[in-house]
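The structure appears right after this line, and notes come after that.
We did not get these values from a lab; they are worked out from the coordinates using the rules stated. Computed from a predicted model, the values in this text were never measured in an experiment. Cβ: placed from backbone, ideal geometry, glycine included. Neighbour counts: every protein chain shown.
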Amino acid sequence: MSTPDPRHTPTAEEFIATQQSAEFQELRRKRRAFTFPITIAALVWFVAYVILAIFTPDLYANKVWGNINLGLILGLLQFVTTFVITYAYVKYADRELEPRAEDIRNRLERTGPYSDTKTA
């Protein structure tokens with residue numbers, strides 16, 4: 001025998017009200033404040049890497065150490081950049097976004113600290 005799901009299933013009106021709430025708008029603002037600038041910076045870095053490879057191949061051919069040239073180092077830095085951005089976003093989301101999203105979700109589903117509440 002299974003136990004009934006204690007979560008409330010929100011109505012369309014409750015979803016709309018939540019979407020228009022100040023808390024939800026703050027969550028969206030915080031997410032965008034991180035993701036938009038970092039996305040633009042990453043795209044500029046990637047496009048600069050490609051443009052430099054196209055128009056200045058001699059620059060990329062400069063030997064740095066043994067058979068390692070500047071092009072290889074900059075190419076590997078593309079991967080490093082991806083991992084650093086991912087790590088930074090996870091840390092930011094854990095600290096700033098997830099607690100807010102969990103609170104909104106708990107309020108909608110009437111779970112957690114809102115489990116005794118009879119209205120949304």
Electrostatic dipole magnitude of the stretch 12-105 [Cβ: Lys, Arg +1; Asp, Glu -1; Cα centre; debye, to 20]
340
Could you tell me which of Gly71, Asn106, Ala33 has its Cα farthest along the dipole of the chain towards the positive end, charges placed at Cβ (Lys, Arg +1; Asp, Glu -1), taken about the Cα centre?
Gly71
Sorted by Cβ density within 10 Å, fewest first, the residues Asp116, Asp103:
Asp116, Asp103
Figure the gain on full extension for Asp58 and Glu96 (residue separation times 0.36 nm, minus the Cα-Cα span) and round it to one decimal in nm.
9.2 nm
So what's the back-of-envelope 222 nm ellipticity for the chain, counting only DSSP H runs of four-plus at -39500 (n - 2.57) apiece and dividing by all residues, rounded to 500?
-22500 deg cm²/dmol
Theoretical FRET efficiency, 1/(1+(r/R0)^6), r = Cβ-Cβ of Ala22 and Tyr89, R0 30 Å, to 0.05
0.80
Tell me, what is the percent relative contact order of the chain, built from C-alpha pairs under 8 Å that lie six or more residues apart?
39
Residue-by-residue Karplus 3J(HN,Hα) for the stretch 52-58, coefficients 6.51, -1.76, 1.60, Hz, glycine and proline x
4, 5, 6, 9, 9, x, 5
Quick check on the stretch 6-47: take the gyration tensor over C-alpha atoms, sort the square-rooted eigenvalues as a ≥ b ≥ c, and tell me if it's rounded (a/c under 1.5), prolate or oblate.
prolate
Write down the Å³ per residue value for the convex hull defined by the alpha carbon atoms of the stretch 34-94.
67
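Viscosity 0.890 mPa s, temperature 25 °C: what is the translational diffusion coefficient of the stretch 1-105 from Stokes-Einstein with a Kirkwood Rh over Cα pairs, rounded to a whole number of µm²/s?
138
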